[in-house]
Amino acid sequence: MMRAAWSDLNHVLQLVVMWSALIIGPCAAHQRPSSYFAADPQDSVGGACGYGDLGRRGYGMATAGLSEGLFARGAACGGCYEVRCVQELRYCLPGTSIVVTATNFCAPNYGLPADAGGICNPPNHHFLIPIQAFEKIALWKAGVMPVQYRRVKCVREGGVGFTIDGRGFFITVLISNVAGAGDVTAVKIKGSNIGWLSMGRIWGQNWHISADLKGQALSFELTTSDSVTLTSFNVAPKDWSFGQTYAGKQFSF
């Protein structure tokens, strides 16, 4: 996946710029600016994508909460964005950028207009970024500022994580640490005694199925937003148990 071109700034004096959300693939370029906010780091612990402990999942503080225009009801979870500060020369650190992973949702505030305080309201494209990441591209006092951003490949260490939970025949799987496009759009599971079964998204990167898979080694097939498919056979042994995380193969990056 090639890196997308940086967006073109058209309204450099506005703190939050409104624009119609675009439905794009991971390589498409944005044509308008967006903004981000220096958030308390605790705001990014856990998050709406369901990853839980972000440090344990390999994301650390290089994360972001996305506004409704980008979050896509959780489908964007796991995707990576390169972000850089622009125009505000008093606060920007020249020549710097950061890559953040979408792990959370920046909820709208419909009590305020989108262009007057409702920074995460539709159709704004907004990033809520922990202060540790924010300070790599701008001074902390900047607050809400215009940025340029583009989708990039995610670089990960180790294999894709599959955390299995549930009870009885109801099985949930949290998928984490995904390289490449990062945002998983389809999941299939296979027991050693049965064929491939499609899983449904609960929220974020939590997927579920109702099936009797106890006593079977489990394999997974993942498809990301760039239509790349990865198959990991026998990720979990036949004596797998709920509450455990197993590592599979990894997408190329």
Using a cut-off of 23 Å between alpha-carbon atoms, which lysines can reach Lys190, once sequence neighbours fewer than 8 places away in the same chain are excluded?
Lys214, Lys238, Lys249
Under the Karplus relation with 6.51, -1.76 and 1.60 and θ = phi - 60°, whole-Hz ³J(HN,Hα) for the stretch 122-131, x at Gly and Pro, equal x, x, 4, 9, 9, 10, 9, 10, x, 4
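How do His125, His208 rank by accessible surface area computed with a 1.4 Å probe, from largest to smallest?
Working: His125 5, His208 65 Å².
So, going from the largest accessible area down, we get His208, His125.
Find the accessible area per residue for the stretch 174-253; the probe is 1.4 Å, ligands and nucleic acids are left out, and the unit is Å².
Values: 3500 Å² over 80 residues.
Here the residues of the stretch 174-253 average 44 Å² of exposed surface.
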I want the antiparallel fraction of DSSP beta bridges within the stretch 32-152, as a percent rounded to 5.
65
When Lys and Arg each count +1 and Asp and Glu each count -1, what net charge do the other residues less than 14 Å away from Gly166, Cβ to Cβ, add up to?
0
Whole-Å semi-axes of the stretch 96-182's equivalent ellipsoid (Cα gyration tensor):
31, 20, 11
Descending Cα extents along the principal axes, the stretch 32-152, whole Å
36, 32, 25
Ignoring ligands and nucleic acids, Leu197 exposes an accessible area, probe 1.4 Å, in Å² to the nearest 10, of 60
Can you compute the modelled spin-label distance between Ser252 and Phe170, with each label point 7 Å from Cα toward Cβ, in nm?
4.1
The stretch 160-248: Kirkwood hydrodynamic radius (Cα pairs, Å) comes out at 12.8
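Add +1 for every Lys or Arg and -1 for every Asp or Glu among the other residues with Cβ under 13 Å from the Cβ of Ser232, and state the total.
Working: positive: Lys188, Lys190, Lys249; negative: Glu221.
Net charge in that neighbourhood comes out at +2.
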Using a 1.4 Å probe over the heavy atoms of the protein chains, calculate the carbon and sulfur portion of the accessible area of the stretch 32-152 as a whole percent.
53
Whole Å is fine, so just give me how far the alpha carbon centre of the stretch 189-253 lies from that of the stretch 89-161.
31
In whole Hz, the Karplus estimates of ³J(HN,Hα) for the stretch 169-181 (6.51, -1.76, 1.60; θ = phi - 60°; x where Gly or Pro) are 7, 8, 10, 10, 9, 8, 9, 9, 6, 9, 8, x, 4
Accessible area in the full protein assembly, largest first, 1.4 Å probe, for Ser192, Ser198
Ser198, Ser192
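The values are calculated or read from the model by the stated rules, or taken from the named source; none is laboratory data. It should be emphasised that the depicted structure is a prediction, and the values quoted were computed from it without experimental measurement. Please note: Cβ atoms are built from the backbone with ideal geometry, for glycine as well, and neighbour counts cover all protein chains shown. SASA here: full protein model, heavy atoms, side chains in, ligands and nucleic acids out. Shrake-Rupley method; radii C 1.70, N 1.55, O 1.52, S 1.80 Å.
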